[in-house]
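Inspection log for the structure reproduced underneath, given as structure tokens.
The values are calculated or read from the model by the stated rules, or taken from the named source; none is laboratory data. Every value quoted in this text rests on a predicted model; they were computed, and no experiment measured them. Neighbour counts run over all protein chains shown; Cβ positions are idealised from the backbone, glycine included. We work out accessible area using only protein heavy atoms, side chains counted, and drop any ligands, DNA or RNA first. Shrake-Rupley method; radii C 1.70, N 1.55, O 1.52, S 1.80 Å.
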Amino acid sequence: QVQLVETGGGSVQPGGSLRLSCAVSGLPSSIHYMGWFRQAPGQDREFLARVIWSSGNPSYAEFVKGRFTISRDNAENMVYLQMNDLKPEDTAVYYCAASRSLHFPPGKANEFEYWGQGTQVTVSS
């Protein structure tokens, strides 16, 4: 069975950094992309970044370019999200997800089939 487990969340001051980790197990061979989303209270789930599992090629939502970096380590079955210069509006639950899409790069929550449980990130002074 597929299991995605996020860790690394916590509380940080504005301008600080966090690295989120996603441990992947039981991933079907049909999975092509891994992604990160976040959801704040009362808000829709928001796409942040995706990476092609095989090649490591990343893509980002425009509003996180220059601050967030997605990466993966195939040998260790891990996906990471490095977050720098964090702002209070980054406060949310952050989710790791997997998609089998090949020809249409996924950027919406309903285009990802598997999800982790989420990890809380709180940015405050």
Test item: Cα-centred dipole of segment 75-118, Lys/Arg +1 and Asp/Glu -1 on Cβ, debye: 140 debye
Given charges at Cβ of Lys, Arg, Asp, Glu: the chain dipole, positive-most of Leu18, Leu48, Gly118: Leu48
Using a Förster distance of 25 Å, the FRET efficiency for Val5-Ile52 (Cβ separation, nearest 0.05): 0.75
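For the chain, what is the Kirkwood hydrodynamic radius in Å, using each pair of distinct C-alpha atoms? If you can, show how the numbers build up before the last one.
Numbers: mean 1/r = 0.0695 Å⁻¹.
Here the Kirkwood hydrodynamic radius works out to 14.4 Å.
Given 0.36 nm per residue, what is the gain on full extension from Asn77 to Ser29 after removing their alpha carbon distance, in nm?
16.0 nm
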Check: the chain dipole with +1 on Lys, Arg Cβ and -1 on Asp, Glu Cβ, in debye: 100 debye
Rounded percent of accessible protein surface that carbon and sulfur make up, segment 21-121, 1.4 Å probe: 47 percent
Inter-part distance where segment 70-90 and segment 13-52 are each reduced to a Cα centre, Å: 8 Å
Placed amide H near Ser101: partners under 5 Å, 5+ positions off or other chain: His32, Tyr33
J(HN,Hα) series, segment 81-92, from Karplus relation 6.51 cos²θ - 1.76 cosθ + 1.60, nearest Hz, glycine and proline x: 10, 8, 10, 10, 6, 5, 10, x, 6, 7, 4, 4
For segment 66-71, 3J(HN,Hα) per residue [Karplus equation, 6.51 cos²θ - 1.76 cosθ + 1.60, θ = phi - 60°, Hz, x = Gly/Pro]: x, 10, 10, 9, 9, 8
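Once the piece of chain linking Ser125 and Asn110 is laid out straight, how much longer is it, given 0.36 nm per residue of separation minus the C-alpha distance between them?
Values: separation 15, 0.36 × 15 = 5.40 nm, distance 3.42 nm.
Contour length minus Cα-Cα distance gives 2.0 nm.
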Where the chain is the region considered: accessible area per residue in Å², 1.4 Å probe: 52 Å²
Segment 1-124, relative contact order in percent, only Cα pairs under 8 angstrom and at least six apart counted: 35 percent
